[in-house]
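Read-outs throughout are calculated quantities, based only on the coordinates presented, and are distinct from any laboratory measurement. Every value quoted in this text rests on a predicted model; they were computed, and no experiment measured them. Because the Cβ atoms are built from the backbone with ideal geometry, glycine has one as well, and the counts that use them run over all protein chains shown.
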Amino acid sequence: MKPIIQIKNISEINNFVKGVTKHPLVAVVDFSKMDELIDEDVRISCDFYSIMFKNYCTNHMRYGRQSYDFQDGSLICIAPKQVLTMDSEVEKKKDMIGWGLFFHPDLVRGTTLGVKMKDYTFFSYEISEALHLSEKEQQTLVDCVMKIQSELEENIDNHSQNLIVSNIEVLLNYCSRYYGRQFITRKSSNRDITSKVEQVLRNYFNSNDLKEKGLPSVVDLAEKVNLSANYLSDLLKKETGMNAKDQIHHFLIEEAKNILLGSNKNISEIAYELGFEYPQYFSKLFKQKTGNTPQEFRSLN
């Protein structure tokens, strides 16, 4: 396996792509020329945020455990410290367009965007959950990138950071909109995933796994349907109004209600049966979700 190339700052990414550093914390790179620069498979990990678009295909890219054909019109967003593997083979085509926007967390630290970064959950999606853009959407993002590029061409002054950060925020907000559109246009496949999630949870709660392993985590659930935790939560939220954690809790509460009304077991016994180490945690969650304690629910019904 190839060693990982650690790219710690913007100057190093510019050196890697033979570009010129115009700002210490942000860079825009022309990716359509990357095939001239990569002559072997590489594994890269960056200490900054990466947003990359291509309208042409490389044979394979791997991000985390996933392998993916980087299709026409695909955009991926990668958080710091993630490992991206790229091979050197590129499918040639006319009018190749590709760009990368890279910005260090220090650029947005202390800004309103810095506070919001955690809300852009698509930075933690797998590469197989890339955003597929229409031509109009592609142009909108290109316009944002060009504004950032234009600002980088200017001399750095007191307004530079605010203008660059503002344009990055606009670009990220468009990405959020387009991912929302993608969830809608993929409703059929999303419903299949929703049904599979429900079946996985149903099987889990009908087995001994709950008592032996406790509640399944969002990561566990996502792995069962071959998605990242954030992508699954966002997909379920769009489809059902409940994220992955809410779905798990919904099945738990329904199972708890069945046991409360179908047996004489005390609250501690039920809590242990449902995988809780401490009964008070079960009671607190049950009241949070139903408005009543387990004992009150049993008495009222």
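Taking the C-alpha atoms only, the angle from helix 279-290 to the longest principal axis of the chain is near 80 degrees. Peptides 20-29, 104-113, 261-270 ordered by packing proxy, namely the average of other Cβ atoms within 10 Å per residue, highest first: 20-29, 104-113, 261-270.
Rounded to whole Å, the principal axis extents of the Cα atoms in the chain read 73, 43, 37, largest first. Pairs of Cα atoms nearer than 8 Å and 6+ residues apart set the relative contact order; for the stretch 170-299 it is 21 percent. Between helix 244-262 and the chain there is an angle of about 0 degrees, using the helix long axis and the longest principal axis of the Cα atoms.
Farthest toward the positive end of the dipole of the chain, out of ALA256, ASN14, LEU131, is the Cα of ALA256, where the dipole comes from beta carbon charges about the Cα centre. When each of ILE193, ILE5 is scored by the number of other beta-carbon atoms lying within 10 Å, the sequence from fewest to most is ILE5, ILE193.
Each of GLN182, PRO24, LEU84 was scored by the projection of its Cα onto the charge dipole of the chain, and the greatest displacement toward the positive side belongs to GLN182; charges sit on the C-beta of Lys, Arg, Asp and Glu.
Dipole size of the chain about its Cα centre, with +1 on Lys/Arg Cβ and -1 on Asp/Glu Cβ: approximately 960 debye, rounded to the nearest 20. Placing +1 on the Cβ of every Lys and Arg and -1 on the Cβ of every Asp and Glu, with nothing else charged, gives the stretch 171-236 a dipole about its Cα centre of roughly 300 debye. Dividing the mean sequence gap of close Cα pairs (under 8 Å, 6+ apart) by how many residues the chain holds gives a relative contact order of 14 percent.
Taking each of LYS211/LYS257; LYS237/LYS257; LYS22/LYS147 in turn, the alpha-carbon distance tops 18 angstrom for LYS237/LYS257.
Along the axis of the charge dipole computed for the chain (Cβ charges of +1 for Lys and Arg, -1 for Asp and Glu, origin at the Cα centre), the listed residues VAL142, PHE282, ILE44 are led at the positive end by PHE282. Net charge of the neighbourhood of LYS22, taken over other residues with C-beta under 12 Å away and scored Lys/Arg +1, Asp/Glu -1, is -3.
Per DSSP H run of at least 4 residues, take -39500 (n - 2.57); add these up for the chain, divide by its residues and hand me the 222 nm value, nearest 500 deg cm²/dmol.
One gets -15000 deg cm²/dmol as the mean residue ellipticity at 222 nm.
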